[in-house]
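Some notes on the structure that comes next.
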Amino acid sequence: MIQGPVVATTLQETIRGRTAPNYRHIAQKLVMAVCDMKSVEDAAKAAYKPWKKDVWECEDIARAALNRLQERAANQGCSFAAGTLRANAPEGTNLLHVYLWCLVEHPAIDGGNIAVFYDPTELRWVVSEALYNVDYTMT
């Protein structure tokens with residue numbers, strides 16, 4: 001289990017230099033567990049619906065995927081260190097896009113965890129370098 005402040009610090013270290021001036025982290029959970037990447041992929045696939053403007057947009061897709069992921073965690077008696085973040089869209093436009101983030105165990109770091117990012121609209125992993133102008137992260 002990981003304390004909320006450790007989760008926030010790990011996430012913020014990963015996106016350092018990629019945040020907007022108005023960035024904020026909204027912490028809603030005090031204790032969480034790391035999750036595995038397959039659980040993230042499975043949750044996103046289970047919640048997926050094609051993007052449709054003003055109907056089923058990226059924030060809806062991300063919330064639905066996160067809900068599925070946290071349902072899986074609840075069945076294990078915990079809450080995952082995961083949430084949503086908003087950044088500029090991958091096309092490099094000024095449009096905003098909502099992604100999932102989560103903390104996973106990193107095999108090269110003894111007892112350490114890293115933040116990773118997933119685009120549930122595209123069903124693909126995203127490297128942190130692709131994110132910019134992140135204005136919020138939320139658990």
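Remarks
- Apart from one condition, G77 fits all of (1) under 23 Å from T19 (Cα atoms); (2) of a type in the set (G, A, S); (3) in a loop (DSSP other than H, G, I, E, B); the exception is (1).
- Leading residue by the ranking (surrounded by the most Cβ atoms within 10 Å (Cβ to Cβ)) among those in region 14-27 that are closer than 13 Å to M138 by Cα and more than 14 Å from the chain's Cα centre (by Cα): Y23
- Selection status of V98, part of a strand (DSSP E or B), modelled with pLDDT under 95, within 15 Å of the chain's Cα centre (by Cα) and of a type outside the set (K, R): no
- Matching residues, region 3-39, being under 18 Å from E59 (Cα atoms) and either among the charged types (D, E, K, R) or part of a helix (DSSP H, G or I) (or both): R24
- Being under 12 Å from C102 (Cα atoms) and surrounded by fewer than 14 Cβ atoms within 10 Å (Cβ to Cβ) holds for only one residue in K52, K38, and it is K38.
- Lone qualifier among D42, D60 - being more than 21 Å from I114 (Cα to Cα) and part of a helix (DSSP H, G or I): D60
- The one condition in (1) under 14 Å from the mean Cα position of the chain (by Cα); (2) over 16 Å from T139 (Cα atoms); (3) assigned to a loop (DSSP other than H, G, I, E, B) that P90 fails to fulfil: (1)
The values are calculated or read from the model by the stated rules, or taken from the named source; none is laboratory data. Everything quoted here is computed from the prediction, not taken from an experiment. Virtual Cβ from ideal backbone geometry, glycine too; neighbours counted across all protein chains shown.
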